[in-house]
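Some notes on the structure that comes next.
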Amino acid sequence: MNRFAWLLSIPLLSGPLHAADLLQVYRDARESDAVFAAARATAEAGREKEPQALAGLLPTLGVTGSTQWNENDIFRRDGPLLANPNFNSNGYTITLSQPLFRWQNWVAYGQSKWQVAQSEANFVQARQDLILRVAQAYFDVLYAAANLEAVRANKTAIGQQLEAAKKNFEVGTATITDSQEAQARFDLAVAQEIAGESDLEVRQRALQAILGKEPETLAPVRKDAQMAPPQPADPGQWVRAAETGAIPVQLQQAALEIADREVERQRAGHYPTVDLVANKGNTTTFGSTVTGALDTDFQNVGVQFSLPIFQGFGVVSRTREASANRAAAEASLEAARRNSALAARQYYLGVVNGLAQVRALRAALISSQSALESNKLGYEVGVRINIDVLNAENQVFVTRRDLAKAVLDTILAQFRLKAAVGTLDESDVVAANALLDTAAVR
């Protein structure tokens, strides 16, 4: 068996019989994760900004109605009661209003398109965050299981060395120091095993918090998995892509466009408004009246003009406020570009260096295993002491642990590099999922 194949074929310690791969876990989380559900609902709410702003450009139609009972006493001044008409009056009015010129409404409509774009970008960000959170939780469980498996393998090997040291001491071919050293290492391995079991439980519960249910047995990385280097291989291209395509950049670009239009919208508080207004209605009075029942129909159409003259400097103040917010949005956009460029460069190096580290650790694991076997043989023939064997055992354990972390961290770095340029989606999950081996846990 390949000497590092233990890393790539580790089932979880307990769980259902069927394995779940990364793609299945992601799709389950997409349906059940509370954070993503909130983001989906927020995106749906954000899409309503455009029809709401469009309403400011469309006609409005309304109906009002009233009924009123009137009691009157009519006197001549300083004279007797002449009449006391009591009557009921009813009426209704239908009003149609069509804005002809309301510049702030036009600006608000343009603003709403960027608000929708901002909402959609936020949803894309939430989807990318979900992929990263699921992958992080998934690989945390795999690493915790791999670490625990390595700790147990190390404990077993140390236990065997402890038994050998005790037997050699009994027959007089070793000192008590060998037994004590082995016992100390064995006790440490027991403590590491307890810590590893606790860490695995914590990681499983973190994944459960995303899925909303007990996670299934997770498929490990295939032993023959080969991770591809970033394409293109030029970090400069990734940086330039991040400066324009990163989701934080898109969000700040939309925020700047909104802020720019807000300045114009507030300035429009000085502009006149022109509306087309049409009314149609009826007023009816009947009952005991002086003139008898009256029935009046009316209709009119006209243009209504309004020009604000002075509003206590409120428009000027709100315009200055909007200009300051636009300046802040410009600075935030530049900060987002710089941060996204830095993230793209860091994650590109993370992938490249991770691949190199995986290759080096795989070679180091083979060398460490060979060194352990040589130390064991040397101990048997008396040219190595017990502490040499124990140190070699520990080196194998440390290399195995580091290799497990390097493999999983490199896959995560590939995800984060894609997220840094705003292109991380389910296709990347599918690609990473091809590195897993569901058959290993069935």
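The values are calculated or read from the model by the stated rules, or taken from the named source; none is laboratory data. None of these values were measured; they are calculated from a predicted model. As a convention, Cβ positions derive from the backbone with ideal geometry for all residues, glycine included, and neighbour counts pool all protein chains shown.
Descriptive notes on the structure:
One line per residue, one yes/no per condition, for (1) of a type in the set (S, T, N, Q); (2) at positive phi; (3) surrounded by 15 or more Cβ atoms within 10 Å (Cβ to Cβ):
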| site | (1), (2), (3) |
| --- | --- |
| A242 | no, no, yes |
| R261 | no, no, yes |
| L276 | no, no, no |
| D297 | no, no, no |
| Q311 | yes, no, no |
| A341 | no, no, yes |
| A344 | no, no, yes |
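- Subset of the range 162-197 [loosely packed, with under 15 Cβ neighbours inside 10 Å, part of a helix (DSSP H, G or I) and either touching an Asp or Glu at 6+ places or on another chain (Cβ under 7 Å) or among the β-branched types (V, I, T) (or both)]: I176, T177, V190, I194
- Taking every residue in the range 220-233 that is of a type in the set (K, R) and pairing it with any residue that is modelled with pLDDT of 85 or more and buried (at least 16 other Cβ atoms within 10 Å of the Cβ), at least 6 positions away or on another chain, the pairs with Cβ-Cβ distances below 8 Å are R222/L435; R222/L436.
- Hey, G159 in a loop (DSSP other than H, G, I, E, B), surrounded by fewer than 21 Cβ atoms within 10 Å (Cβ to Cβ) and outside the structural domain of F415 (by TED's automatic domain parsing) or not: no
- The range 165-191: number of residues that are free of Cβ contacts under 8 Å to residues at least 24 places away in the same chain and closer than 25 Å to E149 by Cβ: 5
- Residue check for V124: assigned to a helix (DSSP H, G or I), assigned by TED's automatic domain parsing to the domain that holds D28 and touching a residue at least 24 places away in the same chain (Cβ under 8 Å): yes
- When residues of the range 211-226 are limited to those that are touching a Ser or Thr at 6+ places or on another chain (Cβ under 8 Å) and surrounded by fewer than 17 Cβ atoms within 10 Å (Cβ to Cβ), the one farthest from E201 (Cα to Cα): K223
- Evaluation of Y379 against the conditions (1) over 25 Å from the mean Cα position of the chain (by Cα); (2) at pLDDT 90 or above; (3) surrounded by 15 or more Cβ atoms within 10 Å (Cβ to Cβ) shows that the sole unmet condition is (2).
- Taking the numbered list (1) over 24 Å from the mean Cα position of the chain (by Cα); (2) under 25 Å from A242 (Cβ atoms) in turn, L349 passes all entries but (1).
- For R203, the conditions (1) of a type in the set (K, R); (2) assigned to a helix (DSSP H, G or I); (3) surrounded by fewer than 14 Cβ atoms within 10 Å (Cβ to Cβ) all hold with the exception of (3).
- With respect to (1) more than 30 Å from V407 (Cα to Cα); (2) among the hydroxyl-bearing types (S, T, Y); (3) buried (at least 21 other Cβ atoms within 10 Å of the Cβ), the lone exception for Y138 is condition (1).
- Scanning the range 382-389 finds no residues that are part of a helix (DSSP H, G or I), loosely packed, with under 14 Cβ neighbours inside 10 Å, assigned by TED's automatic domain parsing to the domain that holds N433 and without any contact (Cβ under 8 Å) to a residue 24 or more places away in the chain.
- Against the test of being under 44 Å from the mean Cα position of the chain (by Cα) and among the polar types (S, T, N, Q), the options Q231, Q299 yield a single qualifying residue, Q231.
- Hits in the range 203-244 (condition: among the charged types (D, E, K, R), more than 26 Å from L148 (Cβ to Cβ) and in contact with a helix residue (DSSP H, G or I) (Cβ under 6 Å, 6 or more places away or on another chain)): E243
- Members of the range 267-281 that are touching a residue at least 60 places away in the same chain (Cβ under 8 Å) and more than 30 Å from S89 (Cβ to Cβ): A268, G269, Y271, P272, T273, V274
- For the range 404-414, the condition holds for at least one residue, the condition being that it is assigned to a helix (DSSP H, G or I) and at pLDDT below 85.
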